[in-house]
Structure formats: structure tokens, C-alpha cells
1. Quick one: check the C-alpha center-to-center distance for the stretch 63-98 versus the stretch 100-114, whole angstrom.
2. So how long is each side of the chain along the principal axes, counting just the alpha-carbon atoms, biggest first, in Å?
3. Rank these by accessible area, largest first, 1.4 Å probe: D15, D144, D53.
4. Taking 0.36 nm per intervening residue step and subtracting the Cα-Cα distance, what contour gain separates L93 from D53 on full extension?
5. Please identify the longest segment of the chain free of exposed GluC sites (Glu not before Pro), where exposed means a DSSP state other than H, G, I, E or B and no more than 14 other Cβ atoms within 10 Å.
6. Using Cα atoms only, what is the angle between the long axis of helix 82-94 and the major principal axis of the chain, expressed in degrees (0 to 90) to the nearest 10?
7. Show W77, W85, W14, W44 ordered by accessible area, largest first, where the area counts protein heavy atoms only and the probe is 1.4 Å.
8. Starting from the residue with the highest accessible area, list L28, L107 in decreasing order, probe 1.4 Å.
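The values are calculated or read from the model by the stated rules, or taken from the named source; none is laboratory data. This one's a predicted model, so the numbers in the text were calculated from it and none came from an experiment. Every residue, glycine among them, receives a Cβ derived from its backbone with ideal geometry; neighbour counts consider all protein chains shown. All accessible areas refer to the heavy atoms of the entire protein, side chains included, with ligands and DNA or RNA removed. Shrake-Rupley method; radii C 1.70, N 1.55, O 1.52, S 1.80 Å.
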Amino acid sequence: MSITYREPILMPIWDWRTPATDIPEQSLNNFRVIKRGVRAGTAWPMCGTLGYDYCIFMEDATLTILQESINGKWRDWMVDSPYEWYAMGEFALRAKPTNILVGGLGLGLIVHHLALRKDLEKITIIEVSKDVIDMISPYLPHDDRIAVSYTHLRAHETSLHLVCRLLLEK
């Protein structure tokens, strides 16, 4: 078996900005939003998103990161990196109309993409953290089709069938 190598396909990134860029640094209980700098020349994995292997930041950039404190250590929950932003866009394009259910708000990246789809009648986001809802929802698109709901149910705490049934009965 021979291995074939190819040059990686690179996406240049200038003037990096997403809707999450407008979310200010803030903390609420076990969650926080921070900003992290990325230096020009940094390569970031794209994992095949939009056909690219990596992106290269052509100038210094700032990423927005949602973190959760777990056992006293901050863990990244979501980052508005080119990979996550464009991957959310690809997912949004594949969503079947007309009513969409999103599990988890994160930085709201997929919600911004879904709001561009005029063929969607309702976009419902369920989130297990009221703190994330309080920090992120003010920066979502102002669109009557979007509803963010808190749920105390987590997939590992109950059967998947029960969670889906409860959500569909609302």
C-alpha cells in the first residue's frame, strides 16, 4: 500500500469577523466569554470545511470564545474560528425546511446562518444553561422565527426518546 501526499488546500483569512465578534467579554457564574488573539501566519485546521484543509490568518485577529468552568478549570465550549463559523454555515445549508430544532446555543453561530434562510418558518434553540442564554441571546438576529428555550434535561440524564417527545409536544 502506497501513501499519496498532496499539498494542503489553504484558505487565506483577512480581517476576521463573525457575529460573535460583537459579544463583549463577560462572566456569569460558571460561564464566560473571552477574546483571544491569533497572530498573523497562524494555521488553523479546517477539517475539509468548504474543501479546505487549513486556513491561514494573514493578519492578527481576535477570536471570541465561550468557556465553562469545570472543576475549577476553564474549558472552551465554542470558538468563532473559521472552522466553526464556516462549518455551521454548511450545516445550516443542509437543514431541511420548515421547522428547525437546534440543540445548544453556544455563541449562536448556526442561528445567524439559519436566519438567512427565508424558507425556514421556525428556528428553535434549546439550551441547558440559563447563563449562556442570558449572555448570548442579546446578540442573536432579531427575527420573529427564532425562539431560545431553557431545558433542564440533558441527553445523558434521560432517554433520547423522552427528550425528543417532550420537545415535540411543546
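1. Rounded to whole Å, the Cα centres lie 9 Å apart.
2. Principal-axis extents of the chain (Cα, largest first): 51, 38, 38 Å.
3. Working: D15 120, D144 165, D53 35 Å².
Result of the area sort, largest leading: D144, D15, D53.
4. Working: separation 40, 0.36 × 40 = 14.40 nm, distance 2.02 nm.
Here the segment from L93 to D53 would lengthen by 12.4 nm.
5. Numbers: sites that count: E25, E59, E121.
Between the exposed loop sites, the longest stretch runs 60-120.
6. Rounded to the nearest ten degrees, it is 50.
7. Numbers: W77 95, W85 40, W14 150, W44 70 Å².
Largest accessible area first, the residues go W14, W77, W44, W85.
8. Values: L28 55, L107 5 Å².
From most exposed to least exposed: L28, L107.
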